[in-house]
Amino acid sequence: MKPFTWLGLALLLCISAAPLWAHKPSDSYLQLTVEKSQVEGRWDVALRDLHELVGLDPDGNGEVTWQEVRDSRSAIIAATLPRLTLRSAGAVCDVATGALRIAEHSDGLYAALAFDGQCAAPVEQLSVHYDLLFDIDPSHRGLLRLELGGRTYSTILQPTARQFDVSLEQPALGPLFWTYLRQGAWHIWAGFDHLLFLLCLLLPAVLQRRQEGWVAATDARRATMELVAIITAFTVAHALSLSAAALDWLQLPTRWVETAVAATIIFAALNNLLPLVQRRLWMVAFFFGLIHGAGYAGVLAGLGFDAPTLALALLAFNLGVEGGQILIAAACLPFAWMARHQPLYRHLVVVPGSALAILLGSWWLAQRLFHIRLETLL
Amino acid sequence: MPFCLFLLLLLLLPAGHASVFVPDAADTVLLRVAPSDNAEVQRLRQMRAALAEAPGRIEMATAFAQAAIAHARRSQDARWYGYAEGALRHWQGRERVPAEVRVLRATLAQHDHRFAAALQDLDQVLAQQPQHLQARLTRAVIHSVQGRYAQAITDCNVVRRYRVLMGVACLATPRSLSGEAEQALRMLHTHLALAEGDDEARLWARSARADIGWRLGSAETEIWFREALDSAGARHDMALHLQYADFLLSQGRVAEAAEVARAWEDSNEGLILSLRARMRSNAEAPGIAQDRRRLEARLEAERARGGARHFGTEAAAALYVWQQPARALWLAQRNWVVQKTPSDARLLLRAAVDSGQSDAAVPVRDWLRENAVQDQRLQALLAQLGQTAKSQAEDT
């Protein structure tokens, strides 16, 4: 390896660094339309790629003619179709080739190969496995467009994702709504940090802060409304960031979000002991709701729903979250209200409860921030 | 609201399927390829076939990858970058990767604008072999493109010890962008006059001289561009030709600019420059509407295949071809995060001027100040922006 040729390579990177050398890399366009047990297909493969695979210029004059493409038909089919496998319910669908024509795309002409797939039974689930050119050109991409059951799916097939699975069954909307409503409410119970944060906001709701310290609230209606405002602000914000995460618009590093969640708990509990924020607590709840929502990115992502179904699932989930919080609040509030005059409530519930929350929150914070594991300390 | 946006996104997805046809005649030519007597392509195919029999043979794999990259560069056929990547795939995900494989992999990553991945490989190579000149050069270029001039200079200085003119050419850009433009020019003059180095080093040094000359507003810029274009190997150099076309355009020599750019219309950058030049003389001229559609379809096809977006190219298209300054500014700002060359700066400032957003210039202003960059074109744009800001302030 002479240094001379090595150095030559540098030049393609250099010289005032023009943005890029932009001739498009290789793509193929695959369209599949499923109708009962039939799969109608069209596959546009660049003539340039086919020339690399089978040699489309047998006379070697540098010009690929329509005649030469037609004559290479069986070679083209042999080089392409075995690289595409359609499976329905585990069984491979038989594929028969149809017309070979030409298609024009933005970067030149493609061979457009029509084919028909015959699956054993009406297709409810289809797997497309794609393996064209990846062995010699990992930058090749297969752009798949698939129509099944009145829906259109698009995906990019690549060396790291050679298979695409799609299923006809979209869940019925009624049961789906209930499922996600329940999941939303359950999400409150299951996430202990979420619950703890909520309790920190709840504990002092029946009290009012005065110069001399906490005193019992006098107006039950006002106390309830304030609490509902806090919970609703939290849910709305939570719904916003959760939806953004589920739609993949918001991607934050999990570790930082979870650390921030722990920090919100510390803040909320600390606020019960030392007055940091006393008025417009709902604004604090809103801001913290954004953080908590972002932490649940995984809950609804990657479910493979179409847009209306996903929207319904998100709505149900968020209603479930709100409902679950209201239920917890409704269960606690009467007891707290009755106990509010007892100094014990303040000294044995609010103060120790908040202190405990601060401890737990700090432990989570340290754990998430520095990756500390309990086992390693013990 | 998110739902509506989501639907809108779905609607914006490309149709991706062109109409099909059967050619009129059997002898219709559909594609031009290298004829069978093209020795270079024959040799490449033989190398690839031999490699397919012995995938882990490092000297065969690196020789093919290197030849494929060189061919991709000459022929402007991006598929050969993919074939080069294919030859190196054997080492993907392995812990022990030979230095030569890392350097080639970094070259491909750099080409694909994956700078972080490229730097990771190069840092590893240079930690073990500090004198690896190719790794030094490639890393110097990335540092320079991303605005880390001191680090670029360190790498170039190592190259200079072994290959004087190559090192000088390497040094010229980062030095010229850190307050030493005149010195960089003098250094290039001196070493070019000594007639040392090989063709590639000379081409690079001459190109750098023209580039710096243009930034400084030198009267000799035209001569320097000519000398670079007359150098051996310049014929295949798209960046140089397009930069010259850009220079001609800045001098109001529209017809000449269109002529130079026309030969590179197969690339998006070439097509954008050609359209800019032709639209300057007559926006309604025949062929322009068709070429705009062609550009749009190409950019769309690139987005459809996923991967890293080339914000700079998209910004230039939005700014000059579609004349959407606000969108161009958004794209140019994203581009500025990734790379910081004077041409990226120009794009951002021009978009800021056209959209009347003087605040958007702050990052470029900071870059200019922090590095003491000398560039008359950028200063002129900043002055224009200052005017805009002033008249805006007077309006309110």
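Quick one: which of B:Ala193, B:Ala201 is surrounded by 18 or more Cβ atoms within 10 Å (Cβ to Cβ) and either free of Cβ contacts under 8 Å to residues at least 40 places away in the same chain or touching a strand residue (DSSP E or B) at 6+ places or on another chain (Cβ under 6 Å) (or both)?
Residue meeting the stated conditions: B:Ala201.
Picking from A:Ala223, A:Ala217, A:Ala269, A:Ala233, which residue would you name as being away from every other protein chain (no Cβ under 14 Å), touching a Ser or Thr at 6+ places or on another chain (Cβ under 9 Å) and open to solvent by less than 20 Å² (accessible area, probe 1.4 Å)?
A:Ala269
Among the numbered criteria (1) under 27 Å from A:Gly142 (Cα atoms); (2) touching a Pro at 6+ places or on another chain (Cβ under 6 Å), which one does B:Ala351 miss?
Just one mismatch for B:Ala351, condition (1).
Looking for whichever is touching a Leu at 6+ places or on another chain (Cβ under 9 Å) and either away from chain A (no Cβ under 11 Å) or touching a residue at least 24 places away in the same chain (Cβ under 8 Å) (or both) here; the options are B:Ala289, B:Ala257, B:Ala263. Which one fits?
B:Ala257
Within region B:31-41, take every residue that is open to solvent by less than 40 Å² (accessible area, probe 1.4 Å) and not in a loop (DSSP other than H, G, I, E, B) and give me the one that is nearest to the other protein chains (Cβ to nearest Cβ).
B:Leu31
Given the residues B:Ala289, B:Ala255, B:Ala277, which is the only one that is open to solvent by less than 30 Å² (accessible area, probe 1.4 Å) and either over 18 Å from the mean Cα position of the chain (by Cα) or basic (Lys, Arg) (or both)?
Testing whether each residue is open to solvent by less than 30 Å² (accessible area, probe 1.4 Å) and either over 18 Å from the mean Cα position of the chain (by Cα) or basic (Lys, Arg) (or both) leaves just B:Ala277.
Could you tell me whether any residue of region A:194-205 is more than 14 Å from chain B (Cβ to nearest Cβ) and part of a strand (DSSP E or B)?
No: region A:194-205 contains no residue that is more than 14 Å from chain B (Cβ to nearest Cβ) and part of a strand (DSSP E or B).
Pick from B:Leu5, B:Leu13, B:Leu44: which is at the interface with chain A (Cβ under 9 Å from one of its Cβ atoms), in contact with a helix residue (DSSP H, G or I) (Cβ under 9 Å, 6 or more places away or on another chain) and either at pLDDT 85 or above or within 30 Å of A:Thr309 (Cα to Cα) (or both)?
B:Leu13
Using beta carbons and a limit of 7 Å, which pairs, at least six apart or on different chains, have the first residue in region B:144-168 and more than 15 Å from B:Gln134 (Cβ to Cβ) and touching a residue at least 12 places away in the same chain (Cβ under 8 Å) and the second one in a helix (DSSP H, G or I) and open to solvent by 70 Å² or more (accessible area, probe 1.4 Å)?
Qualifying pairs under 7 Å: B:Val168/B:Arg160.
Being open to solvent by less than 10 Å² (accessible area, probe 1.4 Å), assigned to a helix (DSSP H, G or I) and not acidic (Asp, Glu) narrows it down to one of B:Ala127, B:Ala184, so name that one.
When all the criteria are applied, what remains is B:Ala184.
Under 6 Å by Cβ, and 6 or more places apart or on different chains, what pairs join a residue from region B:316-330 that is under 19 Å from B:Ser267 (Cβ atoms) with one that is assigned to a loop (DSSP other than H, G, I, E, B)?
Matching pairs, first to second residue: B:Ala318/B:Gln324.
Looking at A:Leu56, A:Leu132, A:Leu168, which is the one that is in contact (Cβ under 8 Å) with a residue 40 or more places away in the chain and open to solvent by less than 10 Å² (accessible area, probe 1.4 Å)?
Of the residues listed, the single one that is in contact (Cβ under 8 Å) with a residue 40 or more places away in the chain and open to solvent by less than 10 Å² (accessible area, probe 1.4 Å) is A:Leu132.
Can you find, within region B:317-355, the residue that is nearest to the chain's Cα centre (by Cα) among those that are among the small types (Gly, Ala, Ser) and open to solvent by 20 Å² or more (accessible area, probe 1.4 Å)?
So, considering only residues that are among the small types (Gly, Ala, Ser) and open to solvent by 20 Å² or more (accessible area, probe 1.4 Å), the one nearest to the chain's Cα centre (by Cα) is B:Ser343.
Which residue is farthest from the other protein chains (Cβ to nearest Cβ), if the candidates are limited to region B:74-99 and must be farther than 15 Å from A:Ser26 by Cβ and open to solvent by less than 50 Å² (accessible area, probe 1.4 Å)?
So, considering only residues that are farther than 15 Å from A:Ser26 by Cβ and open to solvent by less than 50 Å² (accessible area, probe 1.4 Å), the one farthest from the other protein chains (Cβ to nearest Cβ) is B:Val97.
Please go through region B:62-73 and give me each residue that is within 9 Å of chain A (Cβ to nearest Cβ) and of a type outside the set (A, V, I, L, M), ordered by number.
Across region B:62-73, the qualifying residues are B:Thr62, B:Gln66, B:Arg73.
Just to be sure before I move on: is B:Ala61 surrounded by 15 or more Cβ atoms within 10 Å (Cβ to Cβ) and touching a helix residue (DSSP H, G or I) at 6+ places or on another chain (Cβ under 6 Å) in the structure I sent?
Against the criterion (surrounded by 15 or more Cβ atoms within 10 Å (Cβ to Cβ) and touching a helix residue (DSSP H, G or I) at 6+ places or on another chain (Cβ under 6 Å)), B:Ala61 qualifies.
Does region B:217-224 contain any residue that is over 24 Å from B:Asp155 (Cα atoms), touching a Ser or Thr at 6+ places or on another chain (Cβ under 9 Å) and free of Cβ contacts under 8 Å to residues at least 60 places away in the same chain?
yes
When region B:49-61 is examined, which residues are found to be at the interface with chain A (Cβ under 9 Å from one of its Cβ atoms) and either aliphatic (A, V, I, L, M) or under 28 Å from the mean Cα position of the chain (by Cα) (or both)?
Matches in region B:49-61: B:Ala52 only.
Among the residues of region B:111-121, is there at least one that is open to solvent by 30 Å² or more (accessible area, probe 1.4 Å) and of a type in the set (A, V, I, L, M, F, W, C)?
yes
Only residues in region B:347-366 that are part of a helix (DSSP H, G or I) count as the first member; pair them with residues that are open to solvent by 50 Å² or more (accessible area, probe 1.4 Å), Cβ under 7 angstrom, at least 6 apart or cross-chain, and list the lot.
Qualifying pairs under 7 Å: B:Leu348/B:Gln333; B:Val353/B:Gln384; B:Ala360/B:Gln333.
Name the one entry in A:Leu148, A:Leu113 that is within 30 Å of B:Glu265 (Cα to Cα) and open to solvent by less than 70 Å² (accessible area, probe 1.4 Å).
The conditions single out A:Leu113.
Give the residue that is surrounded by the most Cβ atoms within 10 Å (Cβ to Cβ), with candidates limited to residues of region B:362-396 that are basic (Lys, Arg) and closer than 20 Å to B:Gln183 by Cα.
Across region B:362-396, the extreme among qualifying residues is B:Arg377.
Find the residue count for region B:81-124, including only residues that are within 24 Å of the chain's Cα centre (by Cα) and part of a loop (DSSP other than H, G, I, E, B).
3
The values are calculated or read from the model by the stated rules, or taken from the named source; none is laboratory data. Given the structure is predicted, the values throughout are model-derived calculations rather than measurements. Glycine gets a Cβ as well: all are built from the backbone with ideal geometry, and neighbour counts include every protein chain shown. What goes into the accessible areas is simple: the full protein's heavy atoms, side chains included, and nothing from ligands, DNA or RNA. Shrake-Rupley method; radii C 1.70, N 1.55, O 1.52, S 1.80 Å.
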